[in-house]
1. Give the stretch 111-155 a look and list any residue that's within 12 Å of the chain's Cα centre (by Cα) and aromatic (Phe, Trp, Tyr), or say none.
2. If we keep just the residues of the stretch 31-65 that are among the hydroxyl-bearing types (Ser, Thr, Tyr) and surrounded by 15 or more Cβ atoms within 10 Å (Cβ to Cβ), which is nearest to THR150 (Cα to Cα)?
3. Give the residues of the stretch 53-81 that are out of contact with any Leu (no Cβ under 9 Å at 6 or more places or on another chain) and touching a residue at least 60 places away in the same chain (Cβ under 8 Å), sorted by residue number.
4. Residue under question is TYR69, and the condition is that it be of a type in the set (Ser, Thr, Tyr), open to solvent by 70 Å² or more (accessible area, probe 1.4 Å) and at pLDDT 95 or above; does it hold?
5. Return a yes/no flag: does the stretch 85-95 have any residue that is under 16 Å from LEU45 (Cβ atoms) and touching a residue at least 40 places away in the same chain (Cβ under 8 Å).
6. For the stretch 142-152, what are the residues that are out of contact with any Cys (no Cβ under 8 Å at 6 or more places or on another chain), open to solvent by less than 20 Å² (accessible area, probe 1.4 Å) and not aromatic (Phe, Trp, Tyr)?
Amino acid sequence: MEGPRARRRGLLPAVLALGTLFVPPAAEATVKTETFITAETTGILLIEAGECFSDPAYSVRAAEPIVVYTPCAQGADNQSYGFTHPPDGRYDRERLAAFAWRSCGERFDRLWGGARKDLAYYPIMPTAETWADGDRDVMCAVYRPEGRLTGSVLP
């Protein structure tokens, strides 16, 4: 009579064979939008043009998601490539988003043109709250959808 342990050992080759049938799919490209990071994300207001930084990650100490300055040479998730300044006025998220995408896209095209198909960009916008506090800057950030940046990507 075969015990439970022997029966499980007998199933091991079958389980391993099934495991080879279920290969995980390749990682999908990351797409970052204007809501991925905002001016309210802790740490983002410390990032200057040309600096690299992490994607938001939950910090136990801060008890919220934060971004952290990362030396570009060490590899990073994102790099700031400039700021644009929308016209003053009433906060209108849709109009601000349209301005942010257009102006960051124009800067992206001036810097890289079609030469860097491996890069994408996204704007980091003020929120209604930061706008009310006087924040009118839109940060333009570049990233690699297929993985991390391996150094500064600024031309």
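1. Within the stretch 111-155, TYR121, TYR122, TYR143 meet the criteria.
2. As a first pass, look at the stretch 31-65 and keep what is among the hydroxyl-bearing types (Ser, Thr, Tyr): 33, 35, 38, 41-42, 54, 58-59.
When the remaining residues are screened for being surrounded by 15 or more Cβ atoms within 10 Å (Cβ to Cβ), the result is 38, 41-42, 54.
Numbers: THR38: 24, THR41: 24, THR42: 24, SER54: 13 Å.
The extreme case among them is SER54.
3. Across the stretch 53-81, the qualifying residues are ALA73, SER80.
4. So TYR69 passes the test.
5. Our first condition is that a residue be under 16 Å from LEU45 (Cβ atoms); within the stretch 85-95, this holds for 85.
If we keep only those that are touching a residue at least 40 places away in the same chain (Cβ under 8 Å) as well, we get 85.
Yes, the stretch 85-95 contains a residue that is under 16 Å from LEU45 (Cβ atoms) and touching a residue at least 40 places away in the same chain (Cβ under 8 Å).
6. Of everything in the stretch 142-152, just one residue is out of contact with any Cys (no Cβ under 8 Å at 6 or more places or on another chain), open to solvent by less than 20 Å² (accessible area, probe 1.4 Å) and not aromatic (Phe, Trp, Tyr), namely VAL142.
The values are calculated or read from the model by the stated rules, or taken from the named source; none is laboratory data. Just so you know, these numbers come straight off a predicted model, no measurement behind them. Neighbour counts run over all protein chains shown; Cβ positions are idealised from the backbone, glycine included. Just so you know, the surface numbers come from the protein's heavy atoms only, side chains and all, with ligands and any DNA or RNA stripped out. Shrake-Rupley method; radii C 1.70, N 1.55, O 1.52, S 1.80 Å.
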